[in-house]
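Asks: Sharing a structure here in structure tokens format.
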Amino acid sequence: MKRLSLLLLLLLTTVLVTAAITEDSVLTDDGLRTTATQAAVPSEGRFWKTGMGRFLKRADAMLERMQRSGIDTAYQEVPKLNRQVYIGGYAYFQDYRLHFPFRIPGGVAGAVPQLSESMFYETNAHSFLAEMDLGIDWKGLLIEIPIPVRSSYIRSYGLAKSGSVWGFRLRYKRASNLTGTRNYGNMGNVLEEYIDENQEDLINSGINAEEMKKEVKYFKKHNVNKDRHKLKTFFAEGYYVLNSSKFSLSAGLFSEMVQKRSAGSLLFYGNYYWSRYSVSDMFVSDFDSFRTQQFSLGCGYGYNWSLNGGRLLLHGSVVPMFSVYSDLRHESRWEQADPSMTEEEIRVLEKLKKNWSSFYDSADNGKPRFRANAFARIATSYSFNRYVITFLLNYRNYGYSNDKHLGIMNQEIDAQLNLGVRF
């Protein structure tokens, strides 16, 4: 990840150099941009006519056409300086809940008749993290990379493209300082009651009942060990603005446009969401990961309140979405027996390994259920000359469940406060 950050910083430097060459650009009568610096410095003309220079020039013109396409200039306009670099503070809250049923085969747990055939593992984990972001917005094409000022607990990378009609946003996050609780339902109490009721028989069988009760405490409710729980998420969302001539979604997000007059629009969204939750303190196996992916479609509404000709802008949007595809992949891994284990413990472990599929098959092979998801955003921005202050608050809710009572609820809230300069 550090190498990727350095590579993106190098790209940023290249873009800034390019911007310095083209900063003195003006608009001609036909709405296209011409570069005064290029005409004044003939030695640079060769770069812009071949190779990378020609590619950058064409890409720059294409991005500007996308910004200007079909807009009603009485309601919105492209700022005169339509590139931006910003430093942002990024706060992120993640709440992940997992309810995972598993079976205790009679051959393994037959000695405890009170123990239900169906048990479950439940996690309620969350994370609150903060980082700094460096962003560059080149006529609606946005790259965000983390600035490692604290720790490696979170890394978040973003890429977005905003246009007057459509756009997309990608974001990857990794969190490794999860806190919360995990438990096994009533399993711990059932085992404790069994030990209390059968102490004499256990002692006659050579089993230390008190030591066994200490082991049973593992199945009680405990705090999550942050070193044993990891979460990664990735989402890709695309949008289409129905009233794109008057309403600008990009104005509400990153001040890429100027919303001169208040306007709203229906929004159509498509979203792909992927998450991978890894845990290494489950009862049955030594390592488990739960990978979910979901594709959702939705229709919502967004509105921009424009004050003082767009200098101050308030934005709100909400999009209910519905899953059209859901998938779960559960992977388990067994480690080698601990050298300190007795022969009997090794024998039990090997028996568990042979029967591991009996524990998980029912939940893993359940049929996904239809789910309703949600996405909402509020934002505000204030611009004065070439400087822009932007605040965004995003909420996302994604869930997965199947007909075998497996359930996953993934909620996240992220907030950004950006200070940018246009050029």
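Asks: Taking θ = phi - 60°, what integer Hz values does the Karplus form 6.51 cos²θ - 1.76 cosθ + 1.60 yield along the range 134-142, in sequence order, with x for Gly and Pro?
Replies: 10, x, 10, 10, 9, 6, x, 9, 10
Asks: Given points 7 Å out from each Cα along the Cα-Cβ axis, report the N177 to F295 separation in nanometres with one decimal.
Replies: 3.7
Asks: Restrict the search to the range 242-304; then list the chymotrypsin sites (Phe, Trp or Tyr not before Pro) that DSSP places in a loop and that have at most 16 other Cβ atoms within 10 Å of their Cβ.
Replies: Details: sites: F247, F254, F268, Y269, Y272, Y273, W274, Y277, F283, F287, F290, F295, Y301, Y303; in loops: F247, F283.
Within the range 242-304, the qualifying chymotrypsin sites (Phe, Trp or Tyr not before Pro) (loop, at most 16 other Cβ atoms within 10 Å) are F283.
Asks: Might you tell me the accessible area per residue for the range 229-311, computed with a 1.4 Å probe and given in Å²?
Replies: Value for the range 229-311: 33 Å² per residue.
Asks: On to the next question. Would you mind calculating the gained length between V324 and Y382 on full extension (0.36 nm times residue separation, minus the Cα-Cα distance), in nm to one decimal? Could the numbers behind the result be given before it?
Replies: Details: separation 58, 0.36 × 58 = 20.88 nm, distance 3.83 nm.
So the chain would gain 17.1 nm between V324 and Y382.
Asks: In Å, the Kirkwood hydrodynamic radius of the range 155-210 over pairs of distinct alpha carbons? Don't skip to the answer; put the middle values down first.
Replies: Details: mean 1/r = 0.0592 Å⁻¹.
Result for the range 155-210 stands at 16.9 Å.
Asks: Run the simple label-point estimate for F268 and M62 please: 7 Å along Cα→C-beta, distance reported in nm.
Replies: Computed distance between label sites F268 and M62 equals 2.3 nm.
Asks: Describe numerically, in nm with one decimal, the distance between label points set 7 Å from Cα along Cα→Cβ at R228 and at F423.
Replies: That separation, rounded to one decimal, is 5.0 nm.
The values are calculated or read from the model by the stated rules, or taken from the named source; none is laboratory data. A quick note: this is a predicted structure, and the numbers were derived from the prediction, not measured. Positions of Cβ are backbone-derived with ideal geometry, glycine not excepted, and every protein chain shown enters the neighbour counts. All accessible areas refer to the heavy atoms of the entire protein, side chains included, with ligands and DNA or RNA removed. Shrake-Rupley method; radii C 1.70, N 1.55, O 1.52, S 1.80 Å.
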